Every structure is written in C-alpha cells, then in structure tokens.
Ligand code: EPU
C-alpha cells in the first residue's frame, strides 16, 4: 500500500503546470471508437483512470500507441469486441462512456455496471433514457448492461436532472444517429464542450454544447483527428487552494481562467489574491483569510469536485462558514478525517457548518474518495506536524503526479510503500469516482 507523508507548514512557492482534464479525457478516449480512422489525442493526463480507459480500448482490439509525453495514437479500426467486462468496468465510474461510444458505432454494447461508489446513490437512469429515446433497447442482467438497436434515430431527450455523464453519453450515441437529436436540460461543464469539440473535429455536427440545449445532427462517417484535451479545471482549483492554504505564492500555468471563474470569485471573497493572465494565474495570500458560504451546483456554479478542498481552506479562515452540497448525497465523508486534524465541522444532511480555527494539526488519515484525498493533502500541507494519508489510490485516479508537482513548489511530501494490512473486502472498496 502506498501512502503520502507530509511535513506541514511550508509555504508553496513557484510555478506549476496543470495536466489535461480527467473528466474530459475519460470521455474523449472512448469517443475515438466512433472514428473510422486513427486519432491522436494529446494532453492526456497520466492518471489511473486514463490507464484503465486505454487498457479497455486495447482489450477491445484497438491499437494504442504512446507517441510522446501525454500523447496517444489510437487506431479503433481493428476493434472486434463490444464488451467491457466487470473486472475493468468496476475500477472506473467513467467506464459508462463505452456504452454511448460502442452503441453509436456498432449499434450494440455490453458493459458492466460501474462499481459501487462513495458519493451516494449514482443511478444511470438518465443514460438509459437517452439511449432508449434514440431507439436502443436495454437489458440489465448479472450486473451487465446490454444495449442494442436496429438503427439509431435522432430524437428529443429531456433530462430530469442535470447530468454530466448522461449528457456526454447522449452525444456519443447521437453523433451518428439518423437525423436531429435535441438534448434539453443538458449539463454545461467545460468537459461537455471539450467532448463536443473533439467529436466535431472528427466531422460530427454538434451545436450548443456549453448551453442547456445541445443539437446533434447525425453524420454517416467520422474521420481521424489530432486533438488536445483541455486543462483540468479541478486540478487547477486544487492548486489554487493549496497555494492559499499555505499562504503561498504560486503561478498556475496551462489553464483556461474562464473555467475557474466560480472558484476564483469565491477565493477572492475569502481573502486570496488572484491575478489572471491568458493561460495562467498567480495566486497568493498576504493577509487574513475570512469565512464564506459556498453552495455547489452544476456548471457554471461552484463545482462539487472542489467542495472538500474549499471546506478545508475555510477551517483555516476566521469566522463561521456554511458549505452546502448541491450534487452528491455523501460528499462530506472526509469531514471525520479533517476533525482528526483539529477541524471544527458539524454536518447536518447536505450542510456543513465550519468554525474556522485558523489551524490544523497533522494526523494519520485516510482518503475516502478522490477529492477527499486532495482535501487531506491540502490540510496536511497547512497543518503543523506530520500527516500520513492512506488509500492514495483514490488520489492517483485523478491527479497527475500530485506529489511531484507539490515538491517542486517546496512542499515536504513523499510517497512511501508500506506492507498491506490484512484485507477486509479491500478490493470492493477500490471503486471509482
Ligand atoms: N443522476 C441521476 N441519474 C443519472 C445520472 C445522474 O439521477 O442517470 C444524478 C446523480 O445522482 C447526481 C447528479 O445527477 O446527483 C449529477 O450526476 P452526474 O451524472 O452529473 O455525475 P457523473 O457524470 O456521474 C461527473 C464527474 C464527477 C462529478 C460530477 C458532477 C466524471 C467521470 N465524473 O460524474 O467527478 O462530481 O460529474 O460534476 O466525469 C470527480 O472527478 O471527483 C468526480 C466525482
């Protein structure tokens, strides 16, 4: 088992370069299946969720070649399987994008239900609603989702909830369907726009991505392309908060400042200084941090994937802050770990009351999911003494060389390997975010 050991109390200073976006890459890689020619995907983050997506593609028969730092050539023309088995699907939530991509290309797909998850109920009813609207039939049996369609036909899809995954899956399945598909109440996250841009670069006809109505006019063929994934908005936000929590001064490079607007505005309220440039920003703190109220909502609101990190920062600010979670039922599971580090947080349902104490103390803690893990790293960097973080496989799903980037900024963090403890259904816990 790997764990991080952090000696806290060091100011982060210097420059950090943000990697490609996890939540865009895990949709774009399956989307390559839709192409009739090889594609090159660049700025692919080096994280375990990407490794799993690439392995799934290879196991299906695609030729995957690493052609340089963070770039892959993927030839989908030799794919001879339309199945993603349990063993791989359970490791990554985003394996559901293979449903839309395979259905869109071959009119059939067989993918295991994505594994259990630590954020509360994560249904896929809206994904299935979209596939049905396009003319597919589905069966759920033995933990597998089977989709098949005689022919996919454009249709009107109205989502009952704003959902990133189902919006992306609807685009993947509709892109080659006959006629016009209108997706209403669509999610607007930057990775939705990135997937649409990627598909359009292969010859698709998608309009309106980034608004709540997306129109997809089906095309017969999609061709090869070379495309660079957008920078990771959440990784950038995490480094912004790490800089603020250590009262540091960091230049964050390779970002799209527009994607970070809600985070930037909230941090400025808390007392963080931010100067924006074209594709970078400087984040520094030279005064007191003060309380703020935060409510997470779908884009362009404050992202749920930044909630644990900003809550950690608010424990270091003066005054009482209220953090309300508006997307996931169980996003406060990290709070118990932060309490072990001296945080004063009370959770009532979807609301957390944070009494800022201005300080945290190092302690042994455990990451319960990806963003919870990021929050514990921030806490460890700001705390006095030593913090040991277990279950860092969660963090490595979504952050490209987090400890290396932090070390470059002056953090005292190392990854150590310790012998595994006796297992208690350990493998069941290793499900994805
Ligand atoms: N929902 C339904 N039915 C569905 C799908 C979703 O009721 O069929 C509900 C969910 O239960 C949730 C809400 O809709 O309450 C939003 O879920 P969404 O589908 O948007 O989430 P997702 O696609 O499963 C992605 C990210 C998450 C991120 C959310 C929200 C990926 C692989 N995952 O999940 O990322 O929190 O959108 O922005 O893109 C992370 O990166 O740490 C992470 C958890």
Principal-axis tilt of helix 233-245 within the chain, Cα atoms, nearest 10 degrees: 0 degrees
Projected area averaged over orientations for the chain, convex hull of C-alpha atoms, nm²: 18.9 nm²
10 Å binning of all Cα-Cα separations within the range 214-325, expressed as whole percents from 0 upward: 13, 42, 25, 10, 7, 2
Between helix 370-382 and the chain: long-axis angle, C-alpha atoms, 0 to 90°, nearest 10: 20 degrees
Listed residues 66, 185, 51, most fluctuating in the chain (Gaussian network, C-alpha, under 10 Å): 66
Contact order relative to length of the range 238-392, as percent, for alpha carbon pairs under 8 angstrom and 6 or more apart: 20 percent
Cα-based helix-to-principal-axis angle, 22-31 vs the chain, degrees rounded to 10: 10 degrees
Proxy reagent accessibility, fewest Cβ within 10 Å first, across 64, 290: 290, 64
Relative packing of peptides 174-180, 354-360 - highest average C-beta neighbours within 10 Å first: 174-180, 354-360
Mean-position separation - Cα centroids, the range 224-265 and the range 144-205, in angstrom: 27 Å
Average Cα contact separation per residue, the range 22-228, under 8 Å, 6 or more apart, as relative contact order %: 21 percent
Debye log10 I(q)/I(0) for the range 127-185, one point scatterer per Cα, at q = 0.20 Å⁻¹: -0.70
Extent along principal axes [Cα atoms of the range 22-228; Å; largest to smallest]: 41, 36, 32
Residue exposure sequence - 83, 401 - by fewest surrounding Cβ within 10 Å: 401, 83
The range 29-81 - convex hull of alpha carbons, volume per residue in Å³: 63 Å³
Likely footprinting exposure, 253, 266, fewest C-beta neighbours within 10 Å first: 253, 266
The chain: relative contact order as a whole-number percent, Cα under 8 Å and 6+ apart: 22 percent
Ranked by how many other beta carbons lie within 10 Å on average, peptides 14-22, 72-80 from highest: 14-22, 72-80
Paired Rg and Dmax values of the range 290-366, which use every Cα atom, in angstrom: 11.7, 35
Between the range 315-365 and the range 1-50, the Cα center-to-center distance that results, in Å: 27 Å
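Read the figures in this text as sums done on the coordinates, not as results from a lab. In this text, all values refer to a predicted model and were calculated from it rather than measured experimentally. Virtual Cβ from ideal backbone geometry, glycine too; neighbours counted across all protein chains shown.
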